[in-house]
Amino acid sequence: MFFSILNTVLIVSGISGFLALLLVVAEHFFANYGECEIDINKGKKIIKVKGGSSLLSTLNENKIYLASACGGRGSCGFCKCTVNSGAGPLLPTEKPFLSNVEIKENVRLSCQVKIKEDIKIEIEESIFNIRKFKGKVEKIVDLTYDIKELTIKLIEPNDVSFKAGQYVQLEAPKYEKSKQPISRAYSISCTPEMKGYIQLIIRRVPEGICTTYVFDYLKENDVINLTGPFGDFLIQETDADMIFIAGGSGKAPIKSMVEFLTAKNCERRMVYMFGARTQKDLYFTEMFENFENKLANFKYVPVLSQPEKDSDWQGRTGYIPKYFDEFIINPKNTEAYLCGSPGMLSAVVKVLKQKGVPEDKIYFDSF
């Protein structure tokens, strides 16, 4: 009896799998959606395209670049836009990234929307200013054992206008570990005042397609493609106190912000708490100590969570939140700028709110 049921299950599963495969093959070889029209922002821009590809890739081909940290795989949730018609039903792959409000407002993940008919979408006006750049890698510096800094001279176009805290997408070309070009998002680490250049701080991700390319294949004088700028992780124009919190390569947007504020001779009260495990994970320490000399109200506070027992470390240890009482003087008049992993952000935001920092004054960039 058991084997009879098992055989039935296996047969049904096999038939279902075969039918699913047939549908995929049929769509691939026989589906012809012809020419479709993308109406952007109620007729502001209309483009004629060949149907069959994702909305994200089709827009990219027409030099309209939506953010996509995962390269269109549906795992980052960045490539959102409003689709008023022509998108088909909401897919299960989209739901985890959309709030109930967004779903009601027809927000979709453009990488998951396939163009099969005329489609009407809405995007932010600023997206029309996002461009694709070519740049030459002038310098690669090892900041730690697993973090590199790239200095890229822009070639075409030869300059970019961005705000401190924004990011670009770096394209890793097809190479032996990747069958196709793939893009990943990296925060710009230099100040906007550095004209004609982009600097990036990149941490190695084990088995990461893009970081493997950067660490093991990319060389000085290589030409690479960048797209941007993206992002709304920006300095608020207020007089509130500022607390920056980041670790690892999360220092990139904070460095850009602090350099920008230094150039403007900002007088706001600021503290930057940088989390690392050991001393070998620290970098740019002297740079940020120099910022203390240039900015009267700036303090740099590195915190080691696992200092080595035989080290000569005399600084703070443990986890950053335990020092909030020391540096957050007026919680209600404090803005927090965070950059790190989702787990780190969740833990830090929880404590900041407990300390009285308003939730609407907590800004973050997750990676």
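Quick one: Leu234 ticks every box in (1) outside any strand (DSSP E or B); (2) buried (at least 16 other Cβ atoms within 10 Å of the Cβ) except a single one, so which number is it?
Of the numbered conditions (1) outside any strand (DSSP E or B); (2) buried (at least 16 other Cβ atoms within 10 Å of the Cβ), the odd one out for Leu234 is (2).
From Glu125, Glu193, Glu207, which residue is at pLDDT below 95, farther than 20 Å from Ser68 by Cα, of a type in the set (Asp, Glu) and loosely packed, with under 13 Cβ neighbours inside 10 Å? Give the derivation first.
Details: Glu125 fails: farther than 20 Å from Ser68 by Cα; Glu207 fails: farther than 20 Å from Ser68 by Cα.
One residue alone meets the criteria, Glu193.
Out of Ile202, Ile224, which single residue is buried (at least 16 other Cβ atoms within 10 Å of the Cβ) and over 16 Å from the mean Cα position of the chain (by Cα)?
Working: Ile202 fails: over 16 Å from the mean Cα position of the chain (by Cα).
Only one candidate passes the filter, namely Ile224.
From the list Leu226, Leu200, exactly one residue is in contact (Cβ under 8 Å) with a residue 24 or more places away in the chain, closer than 19 Å to Lys153 by Cα and either in contact with a helix residue (DSSP H, G or I) (Cβ under 9 Å, 6 or more places away or on another chain) or among the polar types (S, T, N, Q) (or both). Which is it?
Details: Leu226 fails: either in contact with a helix residue (DSSP H, G or I) (Cβ under 9 Å, 6 or more places away or on another chain) or among the polar types (S, T, N, Q) (or both).
The match here is Leu200.
Before we move on, is Ile140 surrounded by 19 or more Cβ atoms within 10 Å (Cβ to Cβ), within 25 Å of Cys339 (Cα to Cα) and among the β-branched types (Val, Ile, Thr)?
Numbers: surrounded by 19 or more Cβ atoms within 10 Å (Cβ to Cβ): no; within 25 Å of Cys339 (Cα to Cα): yes; among the β-branched types (Val, Ile, Thr): yes.
When the stated conditions are applied, Ile140 does not pass them.
Using the structure shown, decide if Val357 is touching a Pro at 6+ places or on another chain (Cβ under 6 Å) and either surrounded by 18 or more Cβ atoms within 10 Å (Cβ to Cβ) or closer than 18 Å to Val258 by Cα (or both).
Working: touching a Pro at 6+ places or on another chain (Cβ under 6 Å): yes; either surrounded by 18 or more Cβ atoms within 10 Å (Cβ to Cβ) or closer than 18 Å to Val258 by Cα (or both): yes.
So Val357 passes the test.
Please return the ranges of strands (runs of 3 or more DSSP E) entirely within the stretch 298-367 where 1 or more residues are at pLDDT 95 or above, in the same structural domain as Thr278 (by TED's automatic domain parsing) and within 14 Å of Arg269 (Cβ to Cβ). If you could, list the steps in order and put the result at the bottom.
Numbers: elements: 298-304, 334-340, 362-366.
Hits in the stretch 298-367: 298-304, 334-340.
Taking only the stretch 78-94 into account, find how many residues are surrounded by fewer than 16 Cβ atoms within 10 Å (Cβ to Cβ) and closer than 22 Å to Lys42 by Cα. Give the derivation first.
Quick first cut of the stretch 78-94, residues surrounded by fewer than 16 Cβ atoms within 10 Å (Cβ to Cβ) only: 84-85, 88-89, 91-93.
So of that shortlist, the ones also closer than 22 Å to Lys42 by Cα come out as 84-85, 88-89.
Summing the residues that are surrounded by fewer than 16 Cβ atoms within 10 Å (Cβ to Cβ) and closer than 22 Å to Lys42 by Cα in the stretch 78-94 gives 4.
If only one of Phe260, Phe244 is farther than 20 Å from Gln169 by Cβ and not in a helix (DSSP H, G or I), which one is it?
Values: Phe260 fails: not in a helix (DSSP H, G or I).
Unique residue meeting the criteria: Phe244.
Run down Ser68, Ser75 and say which single residue is assigned to a loop (DSSP other than H, G, I, E, B) and free of Cβ contacts under 8 Å to residues at least 60 places away in the same chain. Working first, answer last.
Working: Ser68 fails: free of Cβ contacts under 8 Å to residues at least 60 places away in the same chain.
Matching residue, one of Ser68, Ser75: Ser75.
Looking at (1) surrounded by fewer than 18 Cβ atoms within 10 Å (Cβ to Cβ); (2) within 17 Å of Asp241 (Cα to Cα); (3) in contact (Cβ under 8 Å) with a residue 40 or more places away in the chain, find the lone condition where Leu338 falls short.
Going through the list (1) surrounded by fewer than 18 Cβ atoms within 10 Å (Cβ to Cβ); (2) within 17 Å of Asp241 (Cα to Cα); (3) in contact (Cβ under 8 Å) with a residue 40 or more places away in the chain, Leu338 breaks only (1).
The values are calculated or read from the model by the stated rules, or taken from the named source; none is laboratory data. Treat the numbers as computed from the prediction; the structure is a model and nothing was measured. Don't worry about glycine lacking a Cβ; one is built from the backbone with ideal geometry, like all the others, and counts go over all protein chains shown.
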